[in-house]
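Heads up, the thing below is written out as structure tokens.
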Amino acid sequence: MTTHRHPRVLSGVQPTGDLHLGNYLGALVKFTRLQHEMETFIFVADLHAVTQWQDPKLLKSQVREIAAAYLAAGLDPEIATIFPQSAVPEHAELAWVFNCVARLGWLDRMTQFKDKAGKHKERESVGLYTYPVLQAADILIYKATHVPVGEDQKQHLELTRDIAQKFNHDFEVPDFFPLPEAVIEGPGARIMSLRDGSSKMSKSDPSDYSRINLTDDADAILQKVRKARTDPEPLPETPDELKERPEAQNLVGIYAALEGRTTAEVLTEFAGVGFGQFKPRLADLAVAKLSPIGDAMRRFMADPAEIDRILATGAGRAREVAAPTLAEVKSIVGYWAG
Ligand code: TYM
């Protein structure tokens, strides 16, 4: 690309239930790191949440809970812009234009829709199908260049780039939208279930023992790590030797991500050690890192008015950036109101 872009981070999390270790390591940790490196916009995806049924009586407090998790994880509202998606209508307006740019064939390939819809896609909302188009609008309304996410969002980021490219091409506005990069690297990008190393740690898993929630107390964390599935072998010397051992790989990956180290570094320390010894070390580390976050979340949640103030201020700042982009898009498309 020839034009110089102002680097800008954008990401978000859906308010659809308790946040878990995968959300924390795959997303929140990266948000807090990147806020010191680039201009950062982090939102709560309440428009996305209602692609599947959400109780209207609970939704607002779920939004506050995600905001509390952001703050507890270290996002600083003086540095990063934190806001609810529904407070910035430009997202939904741009999504309409993108609905007319994206092709059905592109959406038909989205694996997350297939996973969520299962066998009965005809019963899902149309919103769930076009979910990734709204996600592209979330990112491109800010002309964001970097999107920190877990590995499961890689395909949605590729679609975002395809939409940006097609818009720029069809309307003959080369470089109008950037082609944003997913920031995925590191051992935290794909945290697996503690009960099954082949499936992702997820809010929707029926077993609470499959995940560590950010609000779990020390006792629950210790129990869950103790019960985590493993194999009988000691830990090997190199990451390559973990390839056929998904549960072992996951626990070592969690340890590495929590400490901000690589899997290779962790194995240098623990090679030859069995899970009888490794699990207590992992549990202690998880408690040390997560308990303060759970405590801070509860403190923030005790003052919902302060969270609302932060979200309203963030929404104002976000609109200052989103509104000019939408105005440009309307004029490019040729809308009467453009
Ligand atoms: P959500 O709420 O489903 O997930 C939030 C973030 O957590 C990451 N994640 C994981 N990372 C590692 N291991 C796991 N087991 C794991 N499970 C979840 C997700 O990759 C995500 O980064 N579609 C987004 C929400 C969104 C968004 C956006 C993100 C809407 N618009 C624009 C970025 C930019 C999502 O999956 O939310």
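What is the percent carbon and sulfur in the accessible area of the stretch 208-298, measuring with a 1.4 Å probe over the protein chains and ignoring ligands?
Numbers: 2130 of 4320 Å².
The computed percentage sits at 49.
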Quiz item: Can you give the relative contact order of the stretch 9-116 as a percent, counting alpha carbon pairs under 8 Å and 6+ residues apart?
Solution: 32
Self-check item: Separation in nanometres of the label points that stand 7 Å from Cα toward Cβ, at R33 and D162
Solution: 2.9
Practice problem: Could you state, as a whole-number percent, how many of the C-alpha pairs of the stretch 146-304 are farther apart than 27 Å? | Solution: 37
Practice problem: Diagonalise the Cα gyration tensor of the stretch 208-298 and give the resulting equivalent ellipsoid semi-axes, square root of 5 times each eigenvalue, largest first, whole Å. | Solution: 24, 14, 10
Self-check item: Span from the the stretch 26-83 Cα centroid across to the the stretch 166-184 one, whole angstrom
Solution: 25
Self-check item: Global size of the stretch 47-155 as Cα Rg and Dmax, reported in angstrom
Solution: 15.2, 45
Quiz item: By accessible area of protein heavy atoms, probe 1.4 Å, what ranking do T16, T325 get, highest first?
Solution: T16, T325
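Cα convex hull of the stretch 165-205: mean projected area in nm², to one decimal? Write out the running numbers ahead of the final one.
Working: hull surface 19.9 nm².
Hull-based average projected area comes out at 5.0 nm².
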Quiz item: Which whole-percent values make up P(r) of the stretch 1-93 when all C-alpha to C-alpha distances are grouped in 5 Å steps starting at zero?
Solution: 3, 13, 24, 22, 18, 11, 5, 2, 1, 0
Quiz item: Averaged per residue, what accessible surface does the stretch 208-298 expose to a 1.4 Å probe, in Å²?
Solution: 47
Quiz item: aspartates and glutamates within cross-link reach of K200: Cα-Cα under 12 Å, excluding same-chain residues under 8 positions apart?
Solution: D115, E151, D152, E247
Exercise. Considering only protein heavy atoms, with the full assembly of protein chains and a 1.4 angstrom probe, order W336, W53 by accessible area, largest first.
Key: W336, W53
Quiz item: How much accessible surface does K121 have with a 1.4 Å probe, in Å² rounded to 10?
Solution: 120
Practice problem: Principal axes first, then extents: for the Cα atoms of the chain, list largest minus smallest coordinate on each axis, whole Å, largest first. | Solution: 68, 44, 43
Quiz item: To the nearest 0.05, what FRET efficiency results for A218 and Q277 with a Förster distance of 22 Å applied to their C-beta separation?
Solution: 0.65
Practice problem: Could you work out how far the C-alpha centroid of the stretch 92-158 sits from that of the stretch 273-290, in angstrom? | Solution: 37
Self-check item: Stretch in the chain that is longest and holds no GluC sites (Glu not before Pro) that DSSP places in a loop and that have at most 14 other beta carbons within 10 Å
Solution: 245-338
Self-check item: Two-decimal log10 I(q)/I(0) for the stretch 283-338, as the Debye equation yields it once each C-alpha is a single scatterer, q = 0.21 Å⁻¹
Solution: -0.82
Quiz item: Counting DSSP beta bridges with both partners in the chain, what percentage is antiparallel, nearest 5?
Solution: 10
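The values are calculated or read from the model by the stated rules, or taken from the named source; none is laboratory data. Just so you know, these numbers come straight off a predicted model, no measurement behind them. Cβ sites come from the backbone with ideal geometry, for glycine too, and all protein chains shown count toward neighbours. The protein model used for the area step is the full one, side chains on, heavy atoms only, and it has no ligands, DNA or RNA in it. Shrake-Rupley method; radii C 1.70, N 1.55, O 1.52, S 1.80 Å.
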